[in-house]
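**Student:** Structure incoming, see below.
None of the figures in this text is laboratory data; all of them are computed from the coordinates on show. The structure displayed is predicted, hence computed values, not measured ones. For neighbour counting, all protein chains shown are included, and Cβ atoms are generated from backbone atoms with ideal geometry for every residue, glycine included.
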Amino acid sequence: MGDGQKFREKIFSFDNQIEAEKQYEAWNLSRRLLGNTVYWLFDSLNSSDRPAEIYKQFEPLLKDHQDDILAHIGPERTRRFQEKQNRWLELGFDSEFNQLLNRLYYLVPSLDILLLCQKIETDVSTAAKNYFELGSRLHIDWLMSRISRSRPKKRWDQFGFRTLAVELNGVQRKIVSHLLENNLSVEEYLDSRQTSLGRLEKIYDELQRDRRADLSGYQFMLQRLKRLRPLE
């Protein structure tokens, strides 16, 4: 799919320049990121089409709008991602590699935002601003980073983490959709849900302290997040 293929070709362009083990690490990273995209395509669009065919529908929109979307990721996400990019540069990969990597990291959020814009008449910048702001305020970004770093050995746990990530995307999209439809800011919405927000903050603090936190702990946080969704 699009940038994924370019990214993989870029990895092989560093033959005889970078250690094979580091190329393999980059390959595995692209495989995980593209795997997340396939799960998103299946879950979010409920289509019988093949993921590659569905993706083609979004490809022109990504080409036109992903830079606008990435402009709203915020300073903290930018800082964290810059640290990752610096590591790849130190290993010998170049800036073009990092640009492709940046797009892959934010491929699912970009698709989420474009899907919101299709369903609601709003511009990409407004949708992206609300999407990323909400992700920070509800610690969805933190939970997603924990999920991405997990390396469960059991197949069922691997499936559980994948499903957890897809459900988090759904929760975030559902709340942002409500904000856009009702012309609400993130703060206005959360002010009306202080009790649930307070409980979420407590479980977030607990999981931050617990270095042994596993899938069940993250699932519990997901359930807390679901209680912040608007009522049907």
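**Student:** Under a cut-off of 21 Å between alpha-carbon atoms, report the lysines in cross-link reach of Lys174, not counting same-chain residues fewer than 8 places apart.
**Tutor:** List returned: Lys119, Lys129, Lys226.
**Student:** While we're here: Going by average Cβ density within 10 Å per residue, which order do the peptides 194-206, 136-148 take, highest to lowest?
**Tutor:** Going by the mean number of other Cβ atoms within 10 Å, highest first, we get 136-148, 194-206.
**Student:** Around Gln85, with a cut-off of 13 angstrom between Cβ atoms, what is the net charge of the other residues, counting Lys and Arg +1 and Asp and Glu -1?
**Tutor:** Net charge in that neighbourhood comes out at +2.
**Student:** With N set to the residue count of the stretch 129-232, report its C-alpha Rg divided by 2.2 N^0.38 Å to two decimal places.
**Tutor:** Numbers: Rg = 13.9 Å, N = 104, 2.2 N^0.38 = 12.8 Å.
The stretch 129-232 yields a ratio of 1.08.
**Student:** Over the chain, calculate the relative contact order: mean separation of alpha carbon pairs under 8 Å at least 6 apart, over the residue count, as a percent.
**Tutor:** 21
**Student:** Mind checking the full-extension length gain between Tyr24 and Arg87? Use 0.36 nm per residue of separation minus the Cα-Cα distance, one decimal, nm.
**Tutor:** Answer, rounded to one decimal: 21.2 nm.
**Student:** Let me ask another. What number comes out for the charge environment of Leu115, summing +1 per Lys or Arg and -1 per Asp or Glu over other residues with Cβ under 13 Å away? Walk me through the numbers on the way to the answer.
**Tutor:** Values: positive: Lys119, Arg173, Lys174; negative: Asp43, Asp112.
Charge balance near Leu115 sits at +1.
**Student:** For a bin width of 10 Å, list the pair-distance distribution of the stretch 1-119 built from all Cα-Cα distances, rounded to whole %.
**Tutor:** Spelled out bin by bin, the stretch 1-119 gives 12, 43, 32, 12, 1 percent.
**Student:** Rounded to the nearest 500 deg cm²/dmol, what is the calculated helix-only ellipticity per residue at 222 nm for the chain, with -39500 (n - 2.57) per DSSP H run of length n ≥ 4?
**Tutor:** My calculation for the chain gives -26000 deg cm²/dmol from helical runs alone.
**Student:** Give the separation of the Cα centroids, the stretch 64-134 to the stretch 182-232, in Å.
**Tutor:** Taking the Cα centre of the stretch 182-232 as reference, the centre of the stretch 64-134 is 23 Å away.
**Student:** Right, here's the next one. Could you work out how much longer the chain between Asp68 and Gln219 gets when fully extended? Use 0.36 nm per residue separation minus the Cα distance between them, nm to one decimal.
**Tutor:** 51.2 nm
**Student:** Hydropathy at least -0.5 by Kyte-Doolittle, axial extent at least 30 angstrom from the Cα trace: which helices of the chain, defined as entire DSSP H runs, fit?
**Tutor:** 20-45, 155-181
**Student:** Okay, next question. Residues with beta-carbon under 14 Å from that of Val124, excluding Val124: net charge, scoring Lys, Arg +1 and Asp, Glu -1?
**Tutor:** Details: positive: Lys63, Lys119, Lys129; negative: Asp64, Asp67, Asp68, Asp112, Glu121, Asp123.
My count for the surroundings of Val124 gives -3.
**Student:** When a/c is below 1.5 the answer is rounded, else prolate if a/b is larger than b/c, else oblate, so apply that to the stretch 160-211 with a ≥ b ≥ c taken from the square roots of the Cα gyration tensor eigenvalues.
**Tutor:** oblate
**Student:** Treating the chain as a set of equal point scatterers at the Cα positions, no solvent, please give the Debye-formula log₁₀ I(q)/I(0) at q = 0.10, 0.15, 0.16 Å⁻¹.
**Tutor:** For the chain at q = 0.10, 0.15, 0.16 Å⁻¹, log10 I(q)/I(0) is -0.49, -1.12, -1.27.
**Student:** Next up: Quick check on the stretch 82-134: what does the Kirkwood estimate of hydrodynamic radius come out to from the alpha carbon pairs, in Å? It would help to have the intermediate numbers written out before the result.
**Tutor:** Working: mean 1/r = 0.0795 Å⁻¹.
Mean inverse Cα-Cα distance, inverted, gives 12.6 Å.
**Student:** Taking 30 Å as R0, compute the FRET efficiency from the Cβ-Cβ separation of Glu181 and Arg8 and round it to 0.05.
**Tutor:** Step by step, r from the Cβ atoms, then E = 0.20.
**Student:** Note down the relative contact order for the stretch 129-232 as a percent, whole number, built from C-alpha pairs under 8 angstrom at least six residues apart.
**Tutor:** On the way: 58 pairs, mean separation 37.2, N = 104.
Averaging sequence separation for qualifying contacts and normalising by length gives 36 percent for the stretch 129-232.
**Student:** First check a/c for the stretch 58-148, with a ≥ b ≥ c the square roots of the eigenvalues of its C-alpha gyration tensor; if it is under 1.5, answer rounded, and if not, answer prolate when a/b is larger than b/c or oblate otherwise.
**Tutor:** Here the stretch 58-148 falls in the oblate category.
**Student:** Any idea what the dipole of the stretch 129-232 comes to, in debye rounded to 20, about its Cα centre with Lys/Arg Cβ at +1 and Asp/Glu Cβ at -1?
**Tutor:** Dipole of the stretch 129-232, to the nearest 20 debye: 660 debye.
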